[in-house]
Amino acid sequence: MTQPTALQIRQSFDARGFTGPLPVMSTAQALAARRELERFEAEAGSTDRLHMKSHLYFAWLWNIAKSAPVIDYARQLLGDNVLILASRLWIKEPGDMKFVSWHQDTTYFGLDPDIYANMWIALSDASEEAGCMRFIEGSHLGGLLEHETTHAPDNLLTRGQTVHGVDITQSIPLPLKAGECSIHHGHVLHNSPPNASADRRIGFGLSLIPTHVRSTIGRRSATLLCGEDTFGHWDLDPLPVCDRDPAIYELMHKETKRYVPAQKLGS
């Protein structure tokens, strides 16, 4: 794949509301990360409880989050000083009915100004058959839309938040190979259908904001990804001292309880 220029990445993000695919790591590195995830799943059974700060809980995820390509893309779109607001592993098993409904990420995020980018990194191939993300090009330019909370059992979003009346004939799929990422605007309409392939669809999502953005729904924490934070609007997360750091596990659940009821987390 030819590497897009910084200008092309910026232009696509601004005009279309999304950009990609972009290289983050090799296929072999993505496979190694997947093996680490599946080793944890074999021990613990699930990653369902690892919301918000998963990028700090696993050394292998932290290494991806702070890698040079991730930081370069974040700086190109958000400036030199960037925070990780949250992260999550997005997993669809082959043949199951899990999906993500049409939504906009920042509807309930409580950000002022509402500047946000979601970087979705594929740890396995996210083909159209596997249920890759689909976008409505340019929909971020129309502002936030009304969402209905559905709590649909197969919806991977925490509250099943859904925008109705989306013209799906206008949707654009963005398949990714393992090791690639896409980046999308917080206002762009997007969804992902069930995984009809024979393999798992595994993604790692990073919610990114510039440091000058404030929280409008109380004091919260974020991780400094690059640059410096001269504003102090967020408590800075401690960095892990070891893989599966117990202090990070405690922080992760404290932040999840504080965050989800107010914001209806989802990407």
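Some points to look at:
- Segment D72-F231, length gained on full extension (0.36 nm per residue, minus Cα span): 55.1 nm
- Euclidean distance between Cα centres, the range 54-131 to the range 132-153, Å: 16 Å
- Inter-probe distance in nm under a simple model that places probes 7 Å from Cα toward Cβ, at L224 and A32: 2.8 nm
- Within the range 6-263: Cβ-based charge dipole about Cα centre, in debye rounded to nearest 20 (Lys, Arg +1; Asp, Glu -1): 260 debye
- Look at the alpha carbon pairs under 8 Å that are at least 6 residues apart: their mean separation over the length of the chain gives a relative contact order of 31 percent.
- Label point 7 Å beyond Cα of Q8 along Cβ direction - residues of the range 152-177 with amide nitrogen under 18 Å: 174-177
- Computed helical MRE - 222 nm, the chain, DSSP H runs ≥ 4 contributing -39500 (n - 2.57), nearest 500: -8000 deg cm²/dmol
- Under the simplified labelling scheme, the D114-C242 pair shows an inter-label distance of 4.4 nm, with each label point 7 Å from Cα along Cα→Cβ.
- Hypothetical label at E93: residues of the range 197-220 whose amide nitrogen lies under 18 Å (7 Å Cα-Cβ projection): 197-203
- Shown here for the range 86-186: GluC sites (Glu not before Pro) in loop regions (DSSP other than H, G, I, E, B) with at most 12 other Cβ atoms within 10 Å, namely E146.
- Antiparallel bridges, percent of DSSP beta bridges restricted to the range 6-263 (to nearest 5): 90 percent
Throughout, read-outs are computed from the coordinates displayed, never taken from laboratory work. The shown structure was predicted, so the numbers you read here are calculated from the model rather than taken from an experiment. So basically every Cβ, Gly included, is an ideal-geometry build from the backbone, and we count neighbours across all protein chains shown.
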